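Visitor: Quick one: the structure is below, questions incoming.
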Amino acid sequence: MSDRYQPKPEHKFSFGLWTVGNVGRDPFGEPVRERLSPVDLVYLLAEVGAWGVNFHDNDLVPIDATPAERDRIVSDFKKALRETGLVVPMATTNLASDPAFKEGAFTSNDPRVRAYALQKTMRAIDLGVELGAKIYVIWGGREGVETDAAKNPVEALKRLREAINFLCEYVIDQGYDLKFALEAKPNEPRGDIYLATTGHMLAFIETLDHPEMVGVNPEVAHEHMAGLNYLHAIAQAWEAGKLFHIDLNDQAFARYDQDFRFGSWNLKSAFFLVKFLEDVGYEGPRHFDAHAYRTEDYEGVKEFARGCMRTYLILKEKAEQWNSDPEIQALLKEINADDGSMDMFKGRYTPEKAAALKMASFDRVALGKRGWAYERLDQLTIEILLGVR
Ligand code: GLT
Ligand code: MN
Ligand code: MN
């Protein structure tokens, strides 16, 4: 392997314990890999060159652990972090696995479940902060329905808002340095999940009591499952100052939740994504929320993890090549040419501007005849990706 694709701490590559620790269970089959301990997973991640490790409360501490067991697990985990130098940039709560949450967590019709979900999340926040997390992801995997007979969707939104407002106040009250990142997914494991896309989340955040504490954690697969352009979701979140975290993986459109290795399916989308993140100077973690094929043993899991990071770094290099390619730059210059003749119509509205614009004449036919050379531009992109340029 060439050294220039070697992951380094400054790349901020992170993985969840649940990603490399995924044992390959699916709806049709039993686990295919033995379960590794959180400490083993930290060493595995250190071996492949990751910088950070994230977890759900119960990835680290089993849901039925006693306080003494919790303390021992946390101290073993801290020791592994010290020995490997790995950091914990993000933490989250498992509000999906336990049967108590089968009808939802923060949106459940049962007030006891809603209260329990809040309690579990406050405790998980304490755990995350204790281990250094600065970002707290909330993924409402069970916050949905199979039938709308079950719940008024407006009521569900109100419950979600109340829960997130409560948690923001809790964080302020504790004096924690922690931001929330909401993660959307359109469906699976529920028939339909509320706030189905990053766009829905961005609108919802503006209705919260502390919108400044809450951003998004968009995932490639989740936007692709909704048939959407992930880059556009990322760009909107970025422009709104809300790109607090990111879940990188890959996913064919119109399929079940695949969580493939980053860049393994839609290379061109992955390229434009990496180019965007690098061009704008995104400084957050590059978190891979994916897992190895079910066919793999732990050697394959390491290959999977290395592959996520290596592909990211190769695409980063391709983005630099794209940005410095003279023919591409000449095309972009041409595409964005501006002779200044429209300057008087730009910017904010004024009645004078509007009046002048209404009187202006345009050569509509000439505008329609222009060729944009996007075929050439895209082919040049493809040739860079294919390594022949
Ligand atoms: C789960 C889910 C992910 C979320 C994780 C955080 S858990 O793997 O599929 O998309 O990001 O709760
Ligand atoms: Mn996912
Ligand atoms: Mn995710």
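What follows draws every value from the coordinates through simple rules; no lab data is involved. The structure displayed is predicted, hence computed values, not measured ones. Virtual Cβ from ideal backbone geometry, glycine too; neighbours counted across all protein chains shown.
Visitor: Report yes if some residue within segment 179-193 is free of Cβ contacts under 8 Å to residues at least 60 places away in the same chain, under 14 Å from the mean Cα position of the chain (by Cα) and away from ligand 1 (no atom under 16 Å from the Cβ); otherwise report no.
Guide: No, that holds for no residue.
Visitor: Can you find even one residue in segment 269-279 that is within 30 Å of E30 (Cβ to Cβ), buried (at least 18 other Cβ atoms within 10 Å of the Cβ) and under 16 Å from the mean Cα position of the chain (by Cα)?
Guide: Scanning segment 269-279 turns up no residue that is within 30 Å of E30 (Cβ to Cβ), buried (at least 18 other Cβ atoms within 10 Å of the Cβ) and under 16 Å from the mean Cα position of the chain (by Cα).
Visitor: Hey, among L231, L248, L208, which residue is buried (at least 24 other Cβ atoms within 10 Å of the Cβ) and in contact (Cβ under 8 Å) with a residue 40 or more places away in the chain?
Guide: Answer to the selection: L248.
Visitor: Limited to segment 184-221, what total is found for residues that are in contact with a helix residue (DSSP H, G or I) (Cβ under 9 Å, 6 or more places away or on another chain), part of a loop (DSSP other than H, G, I, E, B) and over 25 Å from E103 (Cβ atoms)?
Guide: Here the count works out to 3.
Visitor: Restricting to segment 144-183, and then to whatever is among the β-branched types (V, I, T) and in a helix (DSSP H, G or I), can you tell me which residue is surrounded by the most Cβ atoms within 10 Å (Cβ to Cβ)?
Guide: Per the stated criteria, the residue is I164.
Visitor: Does A254 qualify as being assigned to a helix (DSSP H, G or I), farther than 15 Å from V20 by Cβ and either within 15 Å of ligand 1 (Cβ to nearest atom) or not charged (D, E, K, R) (or both)?
Guide: When the stated conditions are applied, A254 does not pass them.
Visitor: Another question, if that's okay. Looking only at helices (runs of 4 or more DSSP H) that fall completely inside segment 285-389, which ones have 2 or more residues that are surrounded by 10 or more Cβ atoms within 10 Å (Cβ to Cβ)?
Guide: The helices (runs of 4 or more DSSP H) meeting that bar are 298-323, 326-335, 351-359, 374-385.
Visitor: Shifting gears a bit: Cβ-Cβ below 7 Å, separation at least six or inter-chain, first residue in segment 265-289 and farther than 19 Å from N217 by Cβ and within 16 Å of ligand 1 (Cβ to nearest atom), second of a type in the set (K, R) and not in a helix (DSSP H, G or I): which pairs?
Guide: none
Visitor: Please pick out the residue among I138, I125 that is among the hydrophobic types (A, V, I, L, M, F, W, C), under 25 Å from F288 (Cα atoms) and either touching a Lys or Arg at 6+ places or on another chain (Cβ under 7 Å) or in a helix (DSSP H, G or I) (or both).
Guide: Going through I138, I125 in turn, the sole match is I125.
Visitor: Got a number for residues in segment 207-262 being closer than 19 Å to K275 by Cβ, within 13 Å of ligand 3 (Cβ to nearest atom) and of a type in the set (V, I, T)?
Guide: The qualifying residues number 2.
Visitor: Can I ask one more? What are the residues in segment 362-384 that are within 14 Å of E327 (Cβ to Cβ) and among the β-branched types (V, I, T), if any?
Guide: T381, I382, I384
Visitor: Shifting gears a bit: Report, by residue number, each residue of segment 313-349 that is among the aliphatic types (A, V, I, L, M), free of Cβ contacts under 8 Å to residues at least 60 places away in the same chain and in contact with a helix residue (DSSP H, G or I) (Cβ under 6 Å, 6 or more places away or on another chain).
Guide: L315, A319, I328, L331
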